[in-house]
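Report on the structure given below.
Derivation of every value follows stated rules applied to the coordinates shown; laboratory data play no part. Computed from a predicted structure; not experimentally measured. Don't worry about glycine lacking a Cβ; one is built from the backbone with ideal geometry, like all the others, and counts go over all protein chains shown.
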There are 2 protein chains.
Amino acid sequence: MTDTKAVAPGCLTGVRVLDLTQFEAGTSCTQVLAWLGADVVKVENPVGGDPGRRTGATTPHRDDPYFLMYNANKRSVTVNLKSPRGLEIVKDMARKADVFVENFAPGAIERLGLGYDVLSTLNPGIIYGQVKGFGEGSPYEKNLAFDMIAQACAGTMSITGQADGPPTKPGTTLGDSGTGMLMAISILAALYQRKETGKGVRLGVAMQDALLHYIRNAFGVTTKTGKPAPRAGAKLVGGGNPPGDIYPCAPGGPNDYVYIYTSRGNPTHWPKLLEAIGRTDLIGDKRYDTREARVEHEDEVDAIIAAWTRQRDKYEAMRLIGAAGIPAGAVRDTLELLRDPDFEKRGIMQTVQHPTNGPFKMPGWPVRHDGNVAVVTPAPLLGQHSTEVLGDWLGMNAEQVAALHTDKVI
Amino acid sequence: MTDTKAVAPGCLTGVRVLDLTQFEAGTSCTQVLAWLGADVVKVENPVGGDPGRRTGATTPHRDDPYFLMYNANKRSVTVNLKSPRGLEIVKDMARKADVFVENFAPGAIERLGLGYDVLSTLNPGIIYGQVKGFGEGSPYEKNLAFDMIAQACAGTMSITGQADGPPTKPGTTLGDSGTGMLMAISILAALYQRKETGKGVRLGVAMQDALLHYIRNAFGVTTKTGKPAPRAGAKLVGGGNPPGDIYPCAPGGPNDYVYIYTSRGNPTHWPKLLEAIGRTDLIGDKRYDTREARVEHEDEVDAIIAAWTRQRDKYEAMRLIGAAGIPAGAVRDTLELLRDPDFEKRGIMQTVQHPTNGPFKMPGWPVRHDGNVAVVTPAPLLGQHSTEVLGDWLGMNAEQVAALHTDKVI
């Protein structure tokens, strides 16, 4: 499967995470903790579970790839949160947990009776994380939000798209996963601190606020110009050092482009590029010799490069330009990436055997620890670990768990 | 300045970070550690320092906002890494450090004599983090990469843009900051683990690999369709539940749009939306009553909504639709966001007093710890803390530091 020794980093062995998340912003956060070795137990509604299981699902009785992507390495327990006994079980689990994470709609967890005031009384050491769309005290704090709403409200759409076209949603679900990663950072820092203090903490992050973290360059542009940062196609929002764009390659498909970039910090990139594309005749030409000159003649510069890239496929163009020491990258699509054996060989993607979906290939945690990657295990079926977890965490025996099933508590 | 009690979370008090990063992928990572309370010391070349100080700079003798955004809360020490004495100083600092982070070009840190084999011998507990463009063992591992190269090669551009347009770069610099956040997570997990084991670790992440983490939904689409995930404008890459798009608002400026989304998980959103836009006549209309029907008549659905949104500005549209319980978000630009007092009031943006740039407003760490945010302090001037840090970390006195200055070692 992989040439890389795939062993879980196990940094968080012994850390128990009580996971009341769904969809992506919360689930991406807790999955990272699972990859790093924590015991993450996902508590789900016995009727259907995390709605993310069926988001976009096209096959009956099978969890959608969307769910599989964000719930690997977790265990699933079903609990009916509307039953008093179910609620008691979750509170008992909270007593045993180090971390609690939820991303319900605003106010929902408190209405369930599982707010921070309640859980921190039961367990003063608990690290309690909440992900919402808008921040506490924001004019929109009670509003529902999903990834695309946050991306609209936080500026990412305004700086994405063609210069003369409409705002465009980045294809990345950064409002969700980008926020989840920031929450994971604060949880880990709080766990570290707790080793000294023993004290828990309430953590909160809003998707709109988190997205600002990822567009700081654009705020820098606005600081300098006093204007909204523009949309710039594939060029840099802040201008940059031409050339810096995607250039069309053979055979002309929708993703047959290569990115070529000359760094402002390295004035040798431009003459090296001219050499790589066989245009040494232009080295020293005053029309193109400085950044300022190339900004002025940017269309000509782009045409010179495109005349060369059109003769080659994107991988050959990337190889030749890259070998000349100039930053270059083929525009790759998701099918090319999923089929590229390189990622599986290095353990960056892994194929899990899912009990109902069969073999499923997905990206794992991309950071290597001493050269090793975490082993990805498949996302759990709904309630797959109820007996196991209620035994591990709460000391129940099989009969007790069976009785809870009969009573529709789990 | 802010209504929120702004106190540093201080989770990482006592953690020393030796920071040899530049530009953004590495600097964004170490800045987060600083926000969370670590003592982050940035080691810079005495001649010019981090090239990020001048990236895009338009004012002589002032650091660019780009630098200020990623180096707040750090201290700066100058050291000439090409002088043997300078190198010894960095090694002495490595003996005292808990964490080391670098993102030089492939092979550069090892050529300097500061590779993991060297530093881990001096300090077996050191957590050594490296950010590169491409992963070890990848066919491109020796290639230079910047954010846009990684975004081309990792698929984010292929899924961003209009359906009939070219690949588009997301305006977010996710190849840089997105990668930096994943490295921060692994560093924090390793710090936690080290409390038990005392052992250090070598961490490595590649920008191309890290970006795959943020487009897992698109890989899920490819898994189901067997095709590359498409570009979809502002709609969802995976289709979704119409309506779900940006709709034009008055007065028709480049960012005068509102995002409106009806969740697949909540079938009441559509009739509620019809009520909110005064089209109760269409409730129950078979042309639009189910997801499948709306997919078939998506253009008509979009036209019905746009007829209403065009009569209002984006904030009013967001308010009215949001109040009806339907996810809605105005498309905001970076100037609107920077001027909105809400973020400063809540401590999500903070204004620092920079010694040469004057007041500078920037986003801080967006996760609240017990309701508080970390205080942002301005990015350091080049070498601002040389005397202080060489005293703190290495016990040098002012005369010894002055002699190093004279000898051009620092």
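Rounded to the nearest Hz, the phi-derived 3J(HN,Hα) couplings of the range B:394-402 under the Karplus curve 6.51 cos²θ - 1.76 cosθ + 1.60 (θ = phi - 60°) are 10, x, 6, 9, 4, 5, 4, 5, 4, where x marks glycine and proline.
Relative to the other identical copies, A:Asn397 shows label-point distances of 7.4 nm, where the label point lies 7 Å from Cα along the Cβ direction and values run shortest first. The lysines whose alpha-carbon is closer than 18 Å to the alpha-carbon of A:Lys199, local same-chain residues fewer than 8 away aside, are A:Lys96, B:Lys195. Shielding of peptide B:221-228 by partners, expressed as the average count of other chain Cβ atoms within 10 Å per residue Cβ, is 6.
Ordering B:142-149, B:376-383, B:166-173 by mean Cβ neighbour count within 10 Å, with the highest value first, yields B:166-173, B:142-149, B:376-383.
The lysines within cross-link reach of B:Lys227, meaning a Cα-to-Cα straight distance under 20 Å and a gap of 8 or more places when in the same chain, are A:Lys314, A:Lys361, B:Lys235.
Across peptide A:13-24, the mean count of Cβ atoms from other chains lying within 10 Å of each residue's own Cβ comes to 1. Distances between copies of A:Gly278, taken at a point 7 Å out from Cα along the Cα→Cβ vector and listed shortest first: 6.5 nm.
Using the average count of surrounding beta-carbon atoms within 10 Å as a protection proxy, the listed peptides A:71-83, A:211-223 rank, highest first, as A:211-223, A:71-83.
With its label point defined 7 Å out from Cα along the Cα-to-Cβ axis, B:Thr59 lies at 5.9 nm from the matching points of the other copies, in increasing order. When DSSP beta bridges are restricted to pairs lying wholly in chain A, around 40% turn out antiparallel. Per-peptide packing, taken as the mean over residues of other Cβ atoms within 10 Å, places A:280-293, A:314-327, A:353-366 in the sequence A:314-327, A:353-366, A:280-293 from highest down. Report the residue, chosen from A:Met207, A:Met349, A:Met183, that carries the largest GNM mean-square fluctuation when chain A is represented by alpha-carbon nodes joined by springs under 10 Å. Top of the fluctuation ranking is A:Met349.
Cross-link reach is defined here as a Cα-Cα straight distance under 22 Å, omitting same-chain residues fewer than 8 places apart; for A:Lys408 the lysines meeting it are A:Lys42, A:Lys82, A:Lys91. Nearest 5 percent is fine: what portion of the DSSP beta bridges confined to the protein assembly as shown is antiparallel? Here the antiparallel bridges make up roughly 45 percent for the protein assembly as shown.
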